[in-house]
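Taking it in order: structure first as structure tokens, then the write-up.
The values are calculated or read from the model by the stated rules, or taken from the named source; none is laboratory data. Keep in mind that what you see is a predicted model, and the values were worked out from it rather than measured. Using ideal geometry, Cβ is built from the backbone for each residue, glycine included, and neighbour counts are taken over all protein chains shown. Remember, those area values only see protein heavy atoms, side chains included, never the ligands or the DNA or RNA. Shrake-Rupley method; radii C 1.70, N 1.55, O 1.52, S 1.80 Å.
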Amino acid sequence: AAECASEDAETRLVDRRHNGLQFGTTVQDYVLFKTRMDVLQESWSLCGWLRKKLAGNDRYWFAYGTSSNVEEFLSTDNGRLITLNTNVDMSSRTSVELGVWSHWCSTWSFSSRTAKIYRNGQLLGSATTPSGIKPGSEGYVVLGNEFDSYGGGFQNIQAFGGDLFKANVFDKELDASQIKEMADSGLCSDIEEKYGRSRYIKWEDLLLEEKSGNVTEIDVGCYPEVQEEESNSTEECDCGEKNQTSQWDLLKTEKFYNRTVTVEMVEEIKQSWDILGDFVGAAVTDKFIAHFKTHHDGSTCEQD
């Protein structure tokens, strides 16, 4: 028998990182978690793809705050960075069209005392931060708003309300050429992954954090392999109706057939559905369903 392909857990995580996050427009719509940031005290870079959907200048997509400073570093969707009590406001130098993806990066290092902000690979501006000050080592990160108090104090007027994709925090100050390469590689590239452990907060890990309110995973159009593999699967499994089998035909195997249903048997069968746990928060779309039909249906084609 020829078997339709299925993926292991590692491949499923690679697939999931191609999802974006869509944020609602209210104060309840955000992703919040506590983390340590010791490794960022010497330098950091914050990069991501944003699709701005709401008008306004103070729509924050990322913020990190500690108990001693709720504005360690935070960034808006139109060119404003605040870090270590320093405002790098480039919103007047760039026009951000609603509904269009843009690549944004902010960088800082303790040695240079310089905070910079880039859009689509181009440096917009920079500012000098105070001498001797470093980010706090532990605090909260929020996606979709910014802190007015430690771990909270969100406001509707500061809600991001847009789409976010491939947001990563690096433990180094990326230079201009690296940022340009990242932007030029495009929305659907995997260029960020080449930085390995320097990618301290990874996009795929952010997708696993608890989502508050109306925050959902979306298809941003970076799944070309789904259509190709679905087509290949159709060719491989283009059986006649009589020969088409499903995952439930596993009950016909010697292991289960004519046996009493037990708790152990049920648990074993449930494992084929537990895979959905890796996709909690994802939007159920045609492509989402096609992905499961292609990779996780468990069906086989029987050859005569």
How would CYS188, CYS105 line up by accessible area, probe 1.4 Å, largest first?
-> CYS188, CYS105
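Could you sort the peptides 110-117, 56-63 by per-residue average Cβ neighbour count (10 Å cutoff), highest mean leading?
56-63, 110-117
For the stretch 30-108, what % of the accessible area comes from carbon and sulfur atoms, probe 1.4 Å?
Values: 1150 of 2790 Å².
C and S atoms contribute 41 percent here.
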Of 151-157, 77-83, 118-124, ordering from highest average Cβ density within 10 Å down gives 77-83, 118-124, 151-157
Theoretical gain in end-to-end length, GLU210 to SER91 [0.36 nm per residue, Cα-Cα removed] = 39.8 nm
R0 of 51 Å, Cβ-Cβ distance SER177-GLN28: FRET efficiency to nearest 0.05 = 0.80
Might you work out the accessible area of SER68 for me, using a 1.4 Å probe with all protein chains in place, and round it to the nearest 10 Å²?
-> 100 Å²
How big is Rg to Rh over the stretch 21-111, alpha-carbon atoms, Rh as the Kirkwood inverse-mean-distance radius?
-> 0.95
Let me know the shape class of the stretch 10-69, please: from the alpha-carbon gyration tensor, a ≥ b ≥ c as square roots of the eigenvalues, rounded when a/c is under 1.5, otherwise prolate if a/b is greater than b/c, or oblate.
-> oblate
Along Cα→Cβ, 7 Å out, is where each label goes; now give me the distance between the ones at GLU138 and GLU42 in nm to one decimal.
-> 2.2 nm
Computed label-point distance, nm, for sites LYS194 and ASN57 using a 7 Å Cα→Cβ extension | 3.7 nm
What is the list of residues in the stretch 49-80 whose amide nitrogen lies under 13 Å from a point 7 angstrom out from the Cα of GLN155, following Cα to Cβ?
-> 57-60
Could you state how much accessible area GLU204 has, in square angstrom rounded to the nearest 10, with a 1.4 Å probe and all protein chains kept in place?
-> 30 Å²
Sorted list, accessible surface of protein heavy atoms, 1.4 Å probe, largest first, for SER109, SER212, SER95 is SER95, SER212, SER109
Keeping all protein chains in place, calculate the accessible area per residue for the stretch 160-214 (probe 1.4 angstrom), answer in Å².
-> 43 Å²
